[in-house]
Amino acid sequence: MAEIRSALPDAGPLRAADVSIAETAGRDLVQLAAWPESFAAVGMRLAELLACPMPADTRTASARGDVTVFQVGPERLWIAGPADGGLGDRLSRAFDPGEAAITALGHSRTVLRIEGAAAAALLARGVAIDLDPLAFPAGSFAQTRLHHTSVLLHRTGGTSFDLYVPRSLALAVWDWLGATLRTFRG
Amino acid sequence: MSRQPNRLAAGGHIDRSRPLAFRFDGRSYAGFAGDTLASALLANGVLLMGRSFKFHRPRGVFAAGVAEPNALVTLRDGGRREPNIPATMAELYEGLSAVSQNRFPSLGFDLMSVNDRFRPVLAAGFYYKTLMGPRRGSWMWFEPFVRRAAGLGAATELADPDAYEKLDLFCDVLVIGGGPAGLAAALAAGRMGARVILAEQMPSLGGSLLDEPAGGPGDLWLAPVLAELGSLPNVRLLTRTTVFGAYDHGTFGLVERVADHRAAPGPGEPRQRYIVLRAQRAVLAAGALERGIPFADNDRPGVMLASTARGFLNRQAVLPGRQAVVFTNNDGAYPAAFDLARAGARVTVADARPALPAETIRRCAEAGMELLPGHAVAAVHGRSRVRAAVLAPFDASSAATGGPVREIACELVCVSGGWDPQVHLSSQRSVKPIWRDDIAAFVPGPPPAFQIHAGACRGSFATGDSITDGFRAGRDAAASCGRTRDPGSVGDIGESLGDAWATPIAPVWDVKPLNRSGKRFVDLQNDVSVSDVELAHREGYVSVEHLKRYTTLGMATDQGKTANVVALALMARLSGRSVPETGTTTYRPPYTPVAIGALAAAETGRNFRPIRRTPLHAWHERNGAVFTEAGLWLRPWYYPQPGEDVDAAYRREMAAVRRSVGMVDISTLGKIDVQGPDAGAFLDRVYVNGFASLPVGKARYGIMLREDGLILDDGTTARLSEQHFFMTTTTAEAAKVLAHLEWLLQAAWPELRVHVASVTDQWAAMAVSGPNSRKLIAAAGADTDLSNEALPHLGVRPCRIGGLPARLHRLSFSGELAYEIYTPAGFGEAVWQRLVDAGEPFGLVPYGVEALAALRIEKGHVAGSEIDGRTTLDDLGLGRMASRRKPFVGGVLRHREALLDEDRLQLVGLEPVDGTRRLRGGAILQPHGGPHRGHGLGHVTATTYSPERGHYVALALVTGGMRREGELLDACFPLNDEITPVRVIAPRFIDPEGRRLDG
């Protein structure tokens, strides 16, 4: 597989006290959208195929190994996995177009990992979501806005977040995060 | 440096180990950490701090904290210069530099104080009466003089050097106010485990407790409470933080002054922080502010509110005057009188109430104070500072003075007209304040479910009551958030804080003057006096909202915090109504001024809004592209060679396309994945033309209408498989089209099994155009048959270019043989570079959107300037595209009578009669030779120089459209004073038969 060019400059991670931000390269993203009558059955087969349980609701991702599943809308899932795993092809082969529509989105998002004790405090500078661990525990995700940009925010652990940013806006969000870090004291 | 004559040797909450030097109007002074600019100036014997807005009368500090109307100063220099800061809110720091405002040439000698001599002319409504005549334009003539003569400080025009920050916070219980009620509320809610945020606008917590003598019962109560609150991890205490707005659903706007108490923010520190806070419950414990009583010359420096004087005394150990007169109508002023006497001042109390309890009389006597029941201060003497007060027997019910007058020499007159609970944040949520006769004040009305009121802000003025009330409010707030832990009880308060009112207040709204001299001010900041309110009444203003606007009462930086209720009561009395019948104005955010910089936060400069970049952006940058904005996108505009301007560059670029081959980044096109068993049927309903019959491997140009029959957007859609379509939209309308499709699927036709998804960011897209485009793509290594037979016009084929996956769509916007190449975004630059490398033998040029637009205009293709939200298919000559065999969105309403009018603006081409003349986009088309009237016959939508034709050409929308073919019109461009005769021709300037499409 040819190298996927990053939307970000090759300048290394952003760092400040108790928080770092870096691109997670090599992630693939596929949308699977089924129909009301086929969604349950598709979900069961998908769980088997990915060896990953389906998410219980639209606020909590399910994850197993390096695969994460988000339900981003009615009968609509995003599946994140390794870029070299042929995820899109596997799903396209597994499901008839009448059962589910598969859309490759791997190149459309830049994934930023924000981690550290102050990660939630940094995100509170731009995301209007209550990130208290009681309100937004590990595993939670939300489709929200950061710097006027639609993003998917996934709390992968107590002090670790993945931010899925549209590729065309990734550098703008990166620049904004860098500017925000300049006055960030945790 | 000067000594501090009014500073007491001991006491106060200042840090005497940290002396601070500061400057005011160029003179050096000394103060201490814990001072405000106001307290430090008073300590130094400086009473004169400003000039009034209209009359330029000398003014000193009158109120405490945010309520101060007079002592407004300009702080700092250069880009940090900030006007209109109350000296009572400016915390002293080493090197602070402040200047006074609205005076010329100096504060002590202000030539503009001549305005004071013209007071009768400069009454309320002065602007309206004087400047609207004698003829139109009078205001324009007067304005510069008025602006110079009246006003506040001037803002800097330099860029703000500081950073600001925005923060989103969430909590169970927001406590607004860090006084006794607020602290008790936070304590109760905090003990119950609720997530609590307490916001206090001043630098220290304690509120009115800080007005108590240092080391007294206030401090004794405060210390353990603050220690416990500090130890609770679920409680966050924000000082220097003002809750300025209360919005829907428990959302509040706060501003935290992070670094305003220092000369400049520290490295990496924001100056201010704008906080949007969402709380389940809010406890409003904003306290109450004292109000004044208008008497003759009640604005002289040395006249101040009683609580303000007490605050200076007990917070900063400043005795504002050694001979003091206290004028009150309520018990709340007595603690100030006692403390002043204890500090060594000779105090005379004039109480408007005729009968006072023996206990009060005894305590005054013990303190060595003279008490005059049934008396008022009728006037003061002195100009730049008070020298004496005139006391007279007073009847509170009629406000009349009479009987033997006494003149008492003094430096300080303390006034208390009662206390106004701070109902602002309740009123902002549309809760009407309620009048209470027993305290002669408004209190908040019944609160909405998420707001609980506590303490002085709901009329509970005794400190002990406030604490109990606050604790109850905090407990109730936490309980309604589901917290059930027992909060225990609040600590003992101590006897001496039991400052409950023993004698009811006697409402006093003004003191009738003993003679005609002396202005009685209601609103000190706007120079609104009792006579202005009377004038407004005489002139028929019956609504308090009109009073406010006519007199400017309650406007500007203090928003009338010490004036509003007095004015309202005066108006009520004049009109023979009660105060509640007269009403009150509705308070709106912000409670106190908020810097625009804080609201903008980090969104300045290049972070003003996000920039969208295509996957090829870095290449364009490296290769000298000049960019232009298209919505949020940055797109290459043109690629100049040395010495070229935009005109030369785009003509060269388009000539290369017509002659050989060019390449343009079209990644900004909206791209939508349309999938599902009913995808074809869905597109049939969305587009005016048919798509269900489109073969796999083919693309088609389509137009979609809005429900009202006007054109929504156009683009091409390709069929990739039986159930999978790939739609493109214009760059500008991508989001709108996706929303339109989603809405149709969810609301109109939920039975259709179709999913749509934006894939705009998934794909890099480039258009290769020109007679050599096929050869170029082959040379770049596309592994597919590119012949006309294998890939005809409108054909679509997957392929690999240099081993990278791509898809070729044979489509042409330029009119030449052309291909659109789609490849996953992360491979975009590699594919583009491969084409560039292969293009050298062909003279390949990259071209920007200027040439892109020029090529389409020459070909007569419509775009956003023609699809402008007002045009129909027929207007653009596209009516024949509409299918008669199927229904589609907009298919019915496009036949409305007005849309079928033959005189509608319709698409034509234009060429100049004189081929050397330039045509301008936006030019108005008028009959040739005139008359040139109004909007004329239409307008030019797009122009370009046509290298093929050797002159400019234009597309235009003209009434009657092609019925005018051959007619001469005048293209008028008033911005340049140009009139260019043009001829109406068909809107296709090259290759009308489309022969070039096959190369």
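Please treat every number below as a calculation from the coordinates, not as lab data. Keep in mind that what you see is a predicted model, and the values were worked out from it rather than measured. Backbone-built Cβ (ideal geometry, glycine too); neighbour counts: all protein chains shown.
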Report, by chain and number, residues whose modeled amide H sits under 5 Å from the one on B:Leu289, excluding near sequence neighbours (fewer than 5 apart, same chain).
B:Asp420, B:Gln422
Under 8 Å for C-alpha pairs, at least 6 residues apart: give me the relative contact order for segment B:657-768, rounded to a whole percent.
39
Within segment B:744-763, which residues have the backbone N less than 19 Å from the label spot 7 Å out from B:Ser883 along Cα→beta-carbon, could you tell me?
B:744-745, B:748-756
How large is ³J(HN,Hα), in whole Hz, for each residue of segment B:528-541 in order, when computed from phi with the Karplus curve 6.51 cos²θ - 1.76 cosθ + 1.60 and θ = phi - 60°, using x for Gly and Pro?
9, 10, 4, 5, 5, 5, 5, 4, 4, 5, 5, 8, x, 7
Residue separation between B:Arg363 and B:Ser106 times 0.36 nm, minus their alpha-carbon distance, gives in nm 88.0 nm
Under 13 Å from a point 7 Å along the Cα-to-Cβ line of B:Asp977: which residues of segment B:883-921 have their amide N that close?
none
Would you compute, from DSSP H runs of 4+ residues alone, the mean residue ellipticity of chain A at 222 nm, taking -39500 (n - 2.57) per run and dividing by the full residue count, rounded to the nearest 500?
-6500 deg cm²/dmol
Counting Lys and Arg as +1 and Asp and Glu as -1, what is the net charge of the other residues whose Cβ lies under 13 Å from the Cβ of B:Asp486?
+4
Return one number: the angle in degrees, 0 to 90 and rounded to the nearest 10, between the long axis of the Cα atoms of helix B:217-231 and the longest principal axis of the Cα atoms of chain B.
30
Under the Karplus relation 6.51 cos²θ - 1.76 cosθ + 1.60, θ = phi - 60°, what is the ordered set of whole-Hz ³J(HN,Hα) values for segment B:711-719, x standing for Gly and Pro?
6, 8, 6, 9, x, 10, 10, 10, 9
If Lys and Arg each add +1 and Asp and Glu each add -1, what is the summed charge of the other residues whose beta carbon sits under 14 Å from the beta carbon of B:Arg774?
-1
For the residue pair B:Met555 and B:Arg659, what label-to-label distance in nm results when each label sits 7 Å from Cα along the Cα-to-beta-carbon direction?
6.6
When Lys and Arg each count +1 and Asp and Glu each count -1, what net charge do the other residues less than 10 Å away from B:Phe53, Cβ to Cβ, add up to?
+2
Taking R0 as 45 Å, what FRET efficiency do you get between B:Ala449 and B:Leu220 from their Cβ-Cβ distance, rounded to the nearest 0.05?
0.80
Once you keep just the Cα pairs under 8 angstrom separated by 6 or more residues, what percentage relative contact order results for segment B:843-970?
28
Rounded to the nearest 10 degrees, what's the angle between the helix B:463-480 long axis and the longest principal axis of chain B, both from Cα atoms, 0 to 90?
30
Just counting partner chain Cβ atoms within 10 Å, what average do the residues of peptide B:751-761 show around their Cβ?
6
Out of A:Ala138, A:Ala172, A:Ala63 - ranked by how far each Cα lies towards the positive end of the dipole of chain A, with unit charges on the beta-carbon of charged residues - the top one is A:Ala172
Potential lengthening between B:Val114 and B:Trp743 on full extension [0.36 nm per residue; Cα-Cα distance subtracted]
219.7 nm
Quick one: putting +1 on the C-beta of Lys and Arg, -1 on the C-beta of Asp and Glu, what dipole do you get for the protein assembly as shown around its Cα centre, in Debye to the nearest 20?
1940
If each of B:Glu370 and B:Glu94 carries a label point 7 Å out from its Cα toward its Cβ, how far apart are those two points in nm?
4.8
Quick one: go through segment B:844-862 and flag any residue whose amide nitrogen is under 11 Å from the point 7 Å out along the Cα-to-Cβ line of B:Asn623.
B:844-848
Between B:Val415 and residues 5 or more places away or on another chain, which pairs have amide H atoms under 5 Å apart, with H built 1.01 Å from N, and which residues are they?
B:Met304, B:Leu305, B:Ala306, B:Phe327
Kindly provide the helix-only [θ] at 222 nm of chain B, computed as the sum of -39,500 (n - 2.57) over DSSP H runs of four or more divided by all residues, to the nearest 500 deg cm²/dmol?
-6000 deg cm²/dmol
Within straight cross-link reach of B:Lys432, meaning Cα distance under 30 Å, which lysines are found once same-chain residues fewer than 8 apart are removed?
B:Lys548, B:Lys561
Grab the beta carbon distance between B:Asp914 and B:Ala986, set R0 = 30 Å, and tell me the FRET efficiency rounded to 0.05.
0.90
For labels at B:Ala154 and B:Leu632 in the simple 7 Å Cα→Cβ model, what's the distance in nm?
4.0
Rank B:Gly459, B:Val490, B:Gly474 by how far each Cα sits towards the positive end of the charge dipole of segment B:455-496 (+1 on Lys, Arg Cβ; -1 on Asp, Glu Cβ) and give me just the farthest.
B:Gly474
What percent does the relative contact order of chain B come to when contacts are Cα pairs within less than 8 Å and at least six residues apart?
9
FRET efficiency, B:Arg963 to B:Glu707 (Cβ-Cβ, R0 30 Å, nearest 0.05)
0.55
Potential lengthening between B:Ile596 and B:Ser489 on full extension [0.36 nm per residue; Cα-Cα distance subtracted]
34.3 nm
Please name whichever of B:Val255, B:Pro217, B:Leu237 sits farthest to the positive end of the charge dipole of segment B:205-276, dipole taken about the Cα centre and charges placed at Cβ: Lys and Arg +1, Asp and Glu -1.
B:Val255
